[in-house]
Amino acid sequence: MKAVYTIVERGEGKSYWTRIGVAFENRDGSYNLKLDALPVNGQLQMREYEPKEKEDQRVAGRNSGGNGGPRRDYPHSNVG
């Protein structure tokens with residue numbers, strides 16, 4: 001299973017990643033996408049799925065000066 005994101009560019013080189021669904025790989029290598037929203041910019045990004053706890057740890061590390069990877073904004077979090 002993979003997570004599906006849309007990436008929104010908001011000036012000064014800042015990118016905001018919003019998870020909008022999941023993707024399931026079929027036997028033939030194609031994917032079925034289950035989307036909760038449609039990207040306004042028409043762009044999707046698929047990444048390996050990370051459980052919520054692991055993702056929260058990465059975001060917390062990034063906010064404390066750690067190297068956590070791309071920023072991801074979610075409706076239920078107040079990542080600054």
How many of the residues in the range 32-46 are surrounded by 13 or more Cβ atoms within 10 Å (Cβ to Cβ) and either of a type in the set (Gly, Ala, Ser) or farther than 16 Å from Val8 by Cβ (or both)? 2
Extreme residue, farthest from the chain's Cα centre (by Cα), among residues of the range 8-20 that are without any contact (Cβ under 8 Å) to a residue 40 or more places away in the chain and under 13 Å from Gln43 (Cα atoms): Glu9
Could you check the range 1-14 and list, in sequence order, the residues that are loosely packed, with under 12 Cβ neighbours inside 10 Å and of a type outside the set (A, V, I, L, M, F, W, C)? Glu9, Arg10, Gly11, Glu12, Gly13, Lys14
In the range 1-58, anything in a loop (DSSP other than H, G, I, E, B) and touching a Phe, Trp or Tyr at 6+ places or on another chain (Cβ under 8 Å) is listed as Met1, Arg10, Leu44
Which one is surrounded by the most Cβ atoms within 10 Å (Cβ to Cβ) among residues in the range 18-30 that are over 11 Å from Val4 (Cα atoms) and not basic (Lys, Arg)? Glu25
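Computed from the coordinates by the stated procedures, all read-outs in this text should not be read as laboratory data. If you're wondering where the values come from, they're calculated on a predicted model, not measured in any experiment. FYI the Cβ positions are ideal-geometry reconstructions off the backbone, even for glycines, and counts take in every protein chain you see.
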